[in-house]
Amino acid sequence: MSQELLNRPDVAQATLQGPHGTLPFCLFKTDACFQIANDIFAGITYPIVPVVSDVKTVLDIGANVGGVFVRQSADFAFGSLDSDTKSGFAGGGQIGCDYQFAGGWVIGIRDMFDGSSLSRDRTFNFPGASGTVHFKNNWFDTLTGRLGYAFAPSWLLYGQGGVAWAKNSADLNIGGFEVGSASRTRTGWTAGGGVEWMFAPHWSAFLEGNYMDFGSTDRNIVTPNLVVCAAGCSFNTKTTAASVLVGVNYRFNLGKAPY
């Protein structure tokens, strides 16, 4: 092997066991290929053989199902409604992109959208009337970044966090009158983690859990039907949620190396 080749900064020296003994060869790190130094054995020519890169970029798209657990509350000047934790069905899809580097490390970004079956009624009493609040969660959407490590062939353990949105509503009925509602898309934060398994070429499955906090929102309802709310009834709503989801992804590999 020529000395000029060995002195190049993008070349690493190694050996290859061939039919005629141990042969030196060079690994071109930047070009992801190696070339056997055929000048060691005159007349023997070795082809350039591609080397699998340890970097992989993957675009994936898939679906998920699972459970969501939500706690909602409404605080009025005359009392509070603190809902018990309510569970329901969640299901939807996700799309994301991962980049594998430095061996088993993986970073990525993903958006996941899920519809929800969650709803809950709560009854309260105050002087002169009683009322009901109907809580409902229509959907939630999370945009997260994740960092993981492939601790075994085809297995990835990861943590993630980012921003979350949810469509929540609280419909208020006092003394048999529909006096108003609070419905909006709320923004909060989410954090969680999970494990992903590549069970077949281009296919992976995952199990993960996430926590979401959407903070609190102030509302005011004015109704002439009740003296207590003739000048306005102000209240504050708060929502937190947790989800446990299983899903499957189809992976469009843009690189070579699997987990």
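Is one or more of the residues making up segment 172-182 in a strand (DSSP E or B), at pLDDT 85 or above and surrounded by fewer than 20 Cβ atoms within 10 Å (Cβ to Cβ)? There is no residue in segment 172-182 that is in a strand (DSSP E or B), at pLDDT 85 or above and surrounded by fewer than 20 Cβ atoms within 10 Å (Cβ to Cβ). Filtering segment 228-241 for residues that are at pLDDT 85 or above, surrounded by fewer than 16 Cβ atoms within 10 Å (Cβ to Cβ), assigned to a strand (DSSP E or B) and aliphatic (A, V, I, L, M) leaves an empty set.
The values are calculated or read from the model by the stated rules, or taken from the named source; none is laboratory data. A quick note: this is a predicted structure, and the numbers were derived from the prediction, not measured. Quick reminder, even Gly has a Cβ in these numbers, built from the backbone with ideal geometry, and neighbours come from all protein chains shown.
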